[in-house]
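The next block holds one structure in the form of structure tokens; read it before the comments.
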Amino acid sequence: MISLDIKVLGAGCANCIKLEQMVFDVLAEQNLDASVTHVTDFKEIMSFGVMSTPALVIDGQVKLSGGVPSKAKLTEVITEAAKG
């Protein structure tokens, strides 16, 4: 099974926390293995070129930024990444 490296970028606002929880929910529902890190360091967030949070980075690529996606969209993004 492929293990994803997922980072939720954000200072810890309500939307950042919501996105992180949604990621855990989707991973559990899809039975996917991933390491999930919540990145709050501004310099590290900026290193991804993200200007608005929350943002989602999977295996080093920014997949979403600037808001909390629908659960369906998040599921699509994570399952596509898991397929490689």
Percent antiparallel among DSSP beta bridges with both residues in the chain, to the nearest 5?
-> 55 percent
For the residue pair E76 and F24, what label-to-label distance in nm results when each label sits 7 Å from Cα along the Cα-to-beta-carbon direction?
-> 2.6 nm
Degrees between helix 14-30 axis and first principal axis of the chain (Cα, 0 to 90, nearest 10) | 10 degrees
Rounded to the nearest 10 degrees, the helix 71-83 long axis (Cα) sits at an angle to the longest Cα principal axis of the chain of 70 degrees
Contact order relative to length for segment 1-77, counting C-alpha pairs under 8 Å separated by 6 or more residues, stands in percent at 39 percent
Förster radius 22 Å - calculated FRET efficiency between S3 and T40, Cβ distance, rounded to 0.05 | 0.45
How long is the gain from Q61 to D33 if the chain were fully straight, where each residue apart is worth 0.36 nm and the alpha carbon distance is subtracted?
-> 8.3 nm
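Quick note: the coordinates plus some simple rules give every number you see, no bench work behind them. Keep in mind the model is a prediction, meaning the values are calculated, not measured. Positions of Cβ are generated from backbone atoms using ideal geometry, with glycine treated the same way; all protein chains shown enter the neighbour counts.
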